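The values are calculated or read from the model by the stated rules, or taken from the named source; none is laboratory data. Predicted model only: the values in this text are computed from it and were never measured. We place every Cβ from the backbone using ideal geometry, glycine too, and count neighbours over all the protein chains shown.
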Amino acid sequence: MKEQWTNKQKLQYLAGAAVIVLTVYLGFKYIFPLAAPFVIAYLIALIIEKPVNALSKVFRGRKMIASGIIVFVFSAILCTVLGAVIYFGIAEIRAFIKNYDYNMVAVRQTAARICFNIDGWLGLADGQCLEFVCRCMEQFEKAISDGGTSQMMTKVVSVSFPAVVKTITVVGSVIICFISVVFLSTSLDSVRNWKKTSCFHREIKAVGDSLHRLIDVYFKIELLIMAVNATLCTIALMIIKNPYAVVIGITIGIVDALPIFGTGTVLLPWALFELVNKNITTAAVLVTVYVITYFVREIMESKCLGDRVGISPFIMLMAIFLGLLVYGLFGFILGPVSFCIMKALILYLKTEIERGTLKNT
């Protein structure tokens, strides 16, 4: 029979768990943003370790040269892919701005057609729904003309400068990250030796094993699913000759990666809209790509994830949701990571208490 805990052990467990949760939260909230480039650099260095070791033999064991070449090639490929996406994205945005008047006329015509259809469904006189929409738009335009424009411009200016500063900071962090990868590639053995000899080596191992499962299984599969579904959506939009296929396709792929939402959040309302406008072919393509992306996610998650992460879907959803609330946009990643670290350390604390290691502390 399992030995019952004493009140002192229970207090130790609750106090230790509270300290762990608070420490992890404060660490990710305030310290991690400063250390993020170096943490990411360490992860990249681990990923490219084998290619670096293989290539370093060509340069007589000089890992710095080998890692520099690999980082340069990787950066070139990444910049090429991002450049192509940005190029097509800018071209689509430019086309939208250039054809703004035409697009607005098309929007008004489509809105009028939908309003007349709704009139028929609701048994209203022709034009009543359209008149209601026009009145709403007039109120909106009046609100803007009564000082809303100046407030909007002030808001744009107040947001633009911090955005520029943030962009410069991100670019600088990326450069520092790649430089750090080159240096870390030559000292990974030293880092491993430090982990083995550290007084916290058991805690580090517990956290490392938990994060390895999360990163190597969950995040890798989710990133792959997002890329596949974004590509499928882009191809489908090209089939229906949407002029903004790349931008919208990538956006749908990102939405699909968010918890709860999925590709249906965009594709199903869009298909319904096209169906109302009697564009049967377009609606059929949108529904078809939704079904395909849905099964891609279900099959890949069940086949590749399974129980290997050690976290139930409900707990993962809760971790992502709380992460978004606590950490903001990057909580989608930091939430599950924080949970894994907390879980690993709390389980380690529980084991130590049961062993009696903390009896005299």
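Against the condition assigned to a helix (DSSP H, G or I) and at negative phi, how does Q4 come out, does it pass?
Numbers: assigned to a helix (DSSP H, G or I): no; at negative phi: yes.
The answer is no for Q4.
Would you confirm, using the coordinates I've provided, whether I86 is more than 29 Å from N242 (Cβ to Cβ), of a type in the set (A, V, I, L, M) and within 34 Å of the chain's Cα centre (by Cα)? Reasoning before the result, please.
Details: more than 29 Å from N242 (Cβ to Cβ): no; of a type in the set (A, V, I, L, M): yes; within 34 Å of the chain's Cα centre (by Cα): yes.
Taking the combined requirement at face value, the residue does not satisfy it.
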Q. Residue check, S190 against (1) at pLDDT below 75; (2) assigned to a helix (DSSP H, G or I); (3) more than 26 Å from the chain's Cα centre (by Cα), all met but one. Which one?
A. (1)
Q. Only one residue in L237, L267, L223, L232 is of a type in the set (A, V, I, L, M, F, W, C), under 13 Å from the mean Cα position of the chain (by Cα) and closer than 25 Å to I90 by Cα, so which one is that?
A. L223
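Step by step: first the residues of the stretch 180-201, then only those that are β-branched (V, I, T) and under 20 Å from N53 (Cβ atoms), then the one that is surrounded by the fewest Cβ atoms within 10 Å (Cβ to Cβ). Which residue is that? Let's see the steps before the verdict.
We begin by selecting, within the stretch 180-201, every residue β-branched (V, I, T); these are 181-182, 186, 191, 197.
So of that shortlist, the ones also under 20 Å from N53 (Cβ atoms) come out as 181-182, 186, 191.
Numbers: V181: 27, V182: 21, T186: 17, V191: 13.
Only one residue fits best here, namely V191.
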(Q) Criterion first (of a type outside the set (K, R), closer than 21 Å to V81 by Cβ and surrounded by 15 or more Cβ atoms within 10 Å (Cβ to Cβ)) does A245 satisfy it? (A) yes
Q) So which residues in the stretch 71-98 are touching a helix residue (DSSP H, G or I) at 6+ places or on another chain (Cβ under 6 Å) and closer than 18 Å to A230 by Cβ, if there are any at all? A) F88, G89, E92
Q. Can you tell me which of I65, I90 is free of Cβ contacts under 8 Å to residues at least 12 places away in the same chain and closer than 30 Å to H212 by Cβ?
A. I65
Q: Could you give me the residue pairs with C-beta distances under 7 Å whose first residue belongs to the stretch 173-193 and is farther than 15 Å from I47 by Cα, whose second residue is crowded, with 18+ Cβ neighbours inside 10 Å wherever it lies, and which are 6+ apart or on separate chains?
A: S173/P37; I176/P37
Q) Within the set of pairs 6+ apart or on separate chains, which have a first residue in the stretch 42-62 that is touching a residue at least 24 places away in the same chain (Cβ under 8 Å), a second that is hydroxyl-bearing (S, T, Y) and outside any helix (DSSP H, G or I), and C-beta atoms under 8 Å apart? A) A45/S185; I48/S185; E49/S185; V52/S185
Q) Within the stretch 252-291, can you find the residues that are without any contact (Cβ under 8 Å) to a residue 40 or more places away in the chain, surrounded by 17 or more Cβ atoms within 10 Å (Cβ to Cβ) and assigned to a helix (DSSP H, G or I)? A) I252, G253, V255, G264, V266, L267, W270, A271, E274, A283, V287, Y290
Q) Which of (1) more than 22 Å from the chain's Cα centre (by Cα); (2) closer than 30 Å to I320 by Cβ; (3) surrounded by 11 or more Cβ atoms within 10 Å (Cβ to Cβ) does N103 not meet, given it meets every other one? A) (2)
**Q.** Flag if Q4 is among the polar types (S, T, N, Q), more than 24 Å from the chain's Cα centre (by Cα), surrounded by fewer than 11 Cβ atoms within 10 Å (Cβ to Cβ) and within 30 Å of A344 (Cα to Cα)
**A.** yes
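Give me the residue from the stretch 19-75 that is among the hydrophobic types (A, V, I, L, M, F, W, C) and not in a helix (DSSP H, G or I) and, out of that set, surrounded by the fewest Cβ atoms within 10 Å (Cβ to Cβ). Write out each step before concluding.
Applying the first criterion (among the hydrophobic types (A, V, I, L, M, F, W, C)) to the stretch 19-75 yields 19-22, 24, 26, 28, 31-32, 34-36, 38-41, 43-48, 52, 54-55, 58-59, 64-66, 69-74.
Still in the list and also not in a helix (DSSP H, G or I): 48, 58-59.
Details: I48: 17, V58: 11, F59: 13.
Among those that are among the hydrophobic types (A, V, I, L, M, F, W, C) and not in a helix (DSSP H, G or I), it is V58.
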Q) Is there any pair linking a residue in the stretch 99-119 that is more than 18 Å from L275 (Cα to Cα) to one that is surrounded by 13 or more Cβ atoms within 10 Å (Cβ to Cβ), with Cβ under 9 Å and at least six apart or on different chains, and which? A) N99/P243; N103/F96
Q. Which numbered condition trips up Y218, out of (1) crowded, with 16+ Cβ neighbours inside 10 Å; (2) in contact with a helix residue (DSSP H, G or I) (Cβ under 6 Å, 6 or more places away or on another chain); (3) of a type in the set (F, W, Y)?
A. (2)
